[in-house]
Amino acid sequence: IKDKNYDLNYDFLKNIGVNTGVNVETLINGLKALVKQKIRDKSKFEKLYKLLDERFNGEIEVRKKFEENELIFVPNKGKEYYTTKEVIWQIDEEKICENKIYLKEHYEKYEKFFVEKLGVKKEPSPEDYADALLSYKDKISDKDKVFKIYKVLSSDKFILNQLKEKLKNEPIFLTTKNEFKTKNEIIFVNDDKESYELFKDEVKFLYIPEKYNPDEIKDFIKISELPYLSKSIDKKPVIGNNKNLDKNYTELVQKAFYYILRYLYHRELNYYKKLKEKKLKEKILQKIEVYIVDNLKVKYSIKVNDKVLAEKEAEKECYFDINDGELYMRNNAKIYNLSLIHISEPTRQAE
């Protein structure tokens, strides 16, 4: 092409080696010629797309040519020439799929041609979000975007199941230490704030922004088979030898336990739900006993498949053991310290 501004007409097509009978095949060959010569004049591509749009009604054989050949020119974007499989019409609202090529900003007048006729995706699909997640593993541009990808994937269980094999050995799990890890390294979901504070330096936790909670990505967690912290931790009181039943406190707590349950409902809903699910509320009311102890600690053990990964001890003012129906209070604790009660979960055997 001698003149870069040469108009797109029969002579132009002739000069780039295609027949002058302007049909769909001729125009596609024209696009191939532009790509082969590495033409970067978008207007020339636009004229061919316009002529194609007038002559092409979505026939499969034509769509296949765009799927198999890099016939779409996108200026200033990496390699510049793409197939329809490599592009998307418009960027997602959160701009999460940064690794994709978007057409709307370059060819806004040709939405019908690209989307309806050629089959270019209008918006990113779950597969695109999965690809974006894989692209993040080498560089974290925005940690919250990673969580939003988990949310998108969690919203489509069917697609998530399809992607399970693709993602299972990939380092797609962003931890609170700003590292991407595979699930083989055992990454916990933090659904127990107290235990998390004890173990956040010893074990790996999935990054979940403070304004979100694990329930928002529960299907992603389930498919990924990530263990929940609350279901992986064992808690046992360490009380020493002095353990004295206090009848007055026992009677008082038994009378007040309905109010304690209300406190749990409003402040510790997860524990309350577990009590309700296991129908333990009535049993607890019947047998709860208060013991005064000199020293009170709780031993925490994180286990996966019966293997202890980490252990910690923490001092407590009060501790309630659901298994035994026993409430332990340090001898210097006041009754109003009941708001500090830590409730142990039933052991796996009890469940």
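So if I check each of Asn169, Asn184, Asn248, Asn244, which one is more than 12 Å from the chain's Cα centre (by Cα), surrounded by fewer than 13 Cβ atoms within 10 Å (Cβ to Cβ), assigned to a loop (DSSP other than H, G, I, E, B) and polar (S, T, N, Q)? Working first, answer last.
Working: Asn184 fails: assigned to a loop (DSSP other than H, G, I, E, B); Asn248 fails: assigned to a loop (DSSP other than H, G, I, E, B); Asn244 fails: assigned to a loop (DSSP other than H, G, I, E, B).
Checking each option against the conditions leaves just Asn169.
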Tabulated pairs, segment 77-95, first farther than 15 Å from Phe113 by Cβ, second open to solvent by 40 Å² or more (accessible area, probe 1.4 Å) and polar (S, T, N, Q), C-beta under 8 angstrom, 6+ apart or interchain:
Thr83/Asn69
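Going through Ile322, Ile302, Ile341 one at a time, which residue ends up being in contact with an Asp or Glu (Cβ under 9 Å, 6 or more places away or on another chain), surrounded by 19 or more Cβ atoms within 10 Å (Cβ to Cβ), at pLDDT below 60 and hydrophobic (A, V, I, L, M, F, W, C)?
Numbers: Ile322 fails: at pLDDT below 60; Ile302 fails: at pLDDT below 60.
Just a single option satisfies the conditions, and that option is Ile341.
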How about segment 107-125: which of its residues are in a loop (DSSP other than H, G, I, E, B) and open to solvent by 30 Å² or more (accessible area, probe 1.4 Å)?
Gly119, Lys122, Glu123
For residues in segment 21-52 being open to solvent by less than 10 Å² (accessible area, probe 1.4 Å) and among the aliphatic types (A, V, I, L, M), which is farthest from Lys117 (Cα to Cα)?
Leu34
Only residues that are in contact with a helix residue (DSSP H, G or I) (Cβ under 6 Å, 6 or more places away or on another chain), open to solvent by 30 Å² or more (accessible area, probe 1.4 Å) and outside any loop (DSSP other than H, G, I, E, B): list them for segment 69-103, please.
Lys85
Criterion violated by Asp128 - all others in (1) among the charged types (D, E, K, R); (2) over 11 Å from the mean Cα position of the chain (by Cα); (3) closer than 20 Å to Ile96 by Cα; (4) open to solvent by 40 Å² or more (accessible area, probe 1.4 Å) satisfied
(4)
Within segment 194-208, does at least one residue satisfy the condition of being touching a residue at least 40 places away in the same chain (Cβ under 8 Å), in contact with a Ser or Thr (Cβ under 6 Å, 6 or more places away or on another chain) and within 13 Å of Tyr150 (Cα to Cα)?
yes
Across segment 46-78, what is the number of residues that are in contact with an Asp or Glu (Cβ under 8 Å, 6 or more places away or on another chain) and at pLDDT below 90?
1
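The values are calculated or read from the model by the stated rules, or taken from the named source; none is laboratory data. Just so you know, these numbers come straight off a predicted model, no measurement behind them. Note that each Cβ is placed from the backbone with ideal geometry, even for glycine, and that neighbours are counted across all protein chains shown. Quick note on the areas: whole protein, heavy atoms, side chains included, nothing else; ligands and nucleic acids left out. Shrake-Rupley method; radii C 1.70, N 1.55, O 1.52, S 1.80 Å.
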